[in-house]
Amino acid sequence: MALTGVAVSEATSADGTQIACWCFGRGDPILFVHGMSESHVNWQPVAERLSSTFAVCTMDRRGRGASSDAMPYAFEREIEDVTAVAVTLGRVVVLAHSIAGPFALEAAMTSDAIRAVILYEAWASPPTEMPPEMLEEIERLISLGRYEEVFNYGNSPEEIEASRQLPDYADRLAAVPTFPREIRGWQRYWQHHPVDNERWRALGKPVLLLIGDENRESVMPAAQDFAERLPHASIGLLKGQGHFAYRDAPDLVVAAVRPWLDSLI
């Protein structure tokens, strides 16, 4: 499906939840699925740079921005959300960041609408592990309405001030109550589907694993285990970057993914 212009549309997920999307550009479609503390706007700089040769779509995950929500929450519903959007686009490449990785992977396992997947530090590795007491503290702070403390948990004063300058900071704070449910879902998912599980050999679609160079030591071993089991996996390194290269170096992200995208048949 070739798209042009900027459009706000909605895909209806299996449980009736409306998932909002923003699409522009022309060419084969790419769907960007954001991480836990974000919304569709965070991948716009990368999407804009790819829009001259691809139809790019960013989405608000359920419970955020213009998308609706439904209770009770289940990690599986987010897989259905990605599938629903992919079906509306057709033969799409899904780029998933951080906690969105399982949604893209599982949707790709079951839907012919997804032809390839890019994961940016979106698999289980030591940096993604959270002690139970930390999650309990986050839930306590949320119950007290102290959303900003949760959002900036563990950050330095400089990082907190930088966060406050983000144009969508208020929207990010509003999404804080969704954090615990996603963290618990992430933990359960990777407990049942570790990166060294043989089931990944069944995913016969191209997968690009992106790693920020600053996180190489902690993230690369799990990526290599994962790539050994994915039949068509590649690993890309974002030099001088950490977990947020889409924000800090969008040109570098584009340079890393464009040749791989161009190689897809």
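The values are calculated or read from the model by the stated rules, or taken from the named source; none is laboratory data. All of these numbers come straight from a predicted model, not from anything done at the bench. Glycine also receives a Cβ, built like all others from the backbone with ideal geometry; neighbour counts cover every protein chain displayed.
In this structure, does residue 170 turn out to be within 21 Å of the chain's Cα centre (by Cα), of a type in the set (A, V, I, L, M, F, W, C) and closer than 27 Å to residue 92 by Cβ?
Working: within 21 Å of the chain's Cα centre (by Cα): yes; of a type in the set (A, V, I, L, M, F, W, C): yes; closer than 27 Å to residue 92 by Cβ: no.
So residue 170 does not fit the description; no.
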Worksheet entry | Which listed residue, of 107, 116, 100, is in contact with a strand residue (DSSP E or B) (Cβ under 8 Å, 6 or more places away or on another chain), within 15 Å of residue 205 (Cα to Cα) and touching a residue at least 60 places away in the same chain (Cβ under 8 Å) | 116
Worksheet item: From the list 236, 212, 240, which one is within 18 Å of the chain's Cα centre (by Cα), over 27 Å from residue 111 (Cβ atoms) and either among the polar types (S, T, N, Q) or at pLDDT 95 or above (or both)?
Response: 212
Item to complete: May I ask you to list pairs of residues, at least six apart or on different chains, whose Cβ atoms are under 9 Å apart, with the first in the stretch 84-97 being at positive phi and the second being outside any strand (DSSP E or B) and small (Gly, Ala, Ser)?
Response: 90/113; 91/113
Discussion item. Is it the case, given these coordinates, that residue 118 is β-branched (Val, Ile, Thr), closer than 20 Å to residue 42 by Cβ and crowded, with 23+ Cβ neighbours inside 10 Å?
Written reply: yes
Worksheet, complete the sentence: Among the residues of the stretch 91-139, the number that are modelled with pLDDT of 95 or more and outside any helix (DSSP H, G or I) is 19
Response to the item:
Of the residues in the stretch 66-79, those that are surrounded by 21 or more Cβ atoms within 10 Å (Cβ to Cβ) and farther than 15 Å from residue 190 by Cβ come to 67
Item to complete: Determine whether residue 82 is part of a helix (DSSP H, G or I) and within 11 Å of the chain's Cα centre (by Cα).
Response: yes
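Is the stretch 194-213 home to any residue that is of a type in the set (Gly, Ala, Ser) and either free of Cβ contacts under 8 Å to residues at least 12 places away in the same chain or in contact with an Asp or Glu (Cβ under 7 Å, 6 or more places away or on another chain) (or both)? Talk me through it step by step, then tell me what you get.
Here is the first cut: in the stretch 194-213, the residues of a type in the set (Gly, Ala, Ser) are 202, 204, 212.
Filter again for either free of Cβ contacts under 8 Å to residues at least 12 places away in the same chain or in contact with an Asp or Glu (Cβ under 7 Å, 6 or more places away or on another chain) (or both), leaving 212.
Yes, the stretch 194-213 contains a residue that is of a type in the set (Gly, Ala, Ser) and either free of Cβ contacts under 8 Å to residues at least 12 places away in the same chain or in contact with an Asp or Glu (Cβ under 7 Å, 6 or more places away or on another chain) (or both).
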Item to complete: Identify all residues within the stretch 27-54 that are part of a helix (DSSP H, G or I) and among the hydrophobic types (A, V, I, L, M, F, W, C); write none if there are none.
Response: 41, 43, 46, 47, 50
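Identify all residues within the stretch 150-172 that are in a helix (DSSP H, G or I) and either surrounded by 17 or more Cβ atoms within 10 Å (Cβ to Cβ) or in contact with a Ser or Thr (Cβ under 7 Å, 6 or more places away or on another chain) (or both); write none if there are none. Spell out how you get there, then give the answer.
Of the stretch 150-172, the ones in a helix (DSSP H, G or I) are 150-151, 157-164, 169-172.
Listed by number, the residues that qualify are 150, 151, 169, 171, 172.
Restricting attention to the stretch 162-203, which residues are within 25 Å of residue 232 (Cα to Cα) and of a type outside the set (A, V, I, L, M, F, W, C)? So that I can check it myself, show each step before the final result.
Pass one, the stretch 162-203, residues within 25 Å of residue 232 (Cα to Cα): 186, 189-203.
Across the stretch 162-203, the qualifying residues are 189, 191, 192, 193, 194, 196, 197, 198, 199, 201.
Buried (at least 19 other Cβ atoms within 10 Å of the Cβ) and farther than 24 Å from residue 171 by Cβ: which single residue out of 113, 96, 100, 11 fits that description? Even if it seems obvious, please write down each step before you answer.
Numbers: 96 fails: farther than 24 Å from residue 171 by Cβ; 100 fails: farther than 24 Å from residue 171 by Cβ; 11 fails: farther than 24 Å from residue 171 by Cβ.
Being buried (at least 19 other Cβ atoms within 10 Å of the Cβ) and farther than 24 Å from residue 171 by Cβ holds for just one of 113, 96, 100, 11, which is 113.
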Response to the item:
Of those in the stretch 142-171 that are in contact (Cβ under 8 Å) with a residue 40 or more places away in the chain and of a type in the set (Asp, Glu), the residue nearest to residue 130 (Cα to Cα) is 171
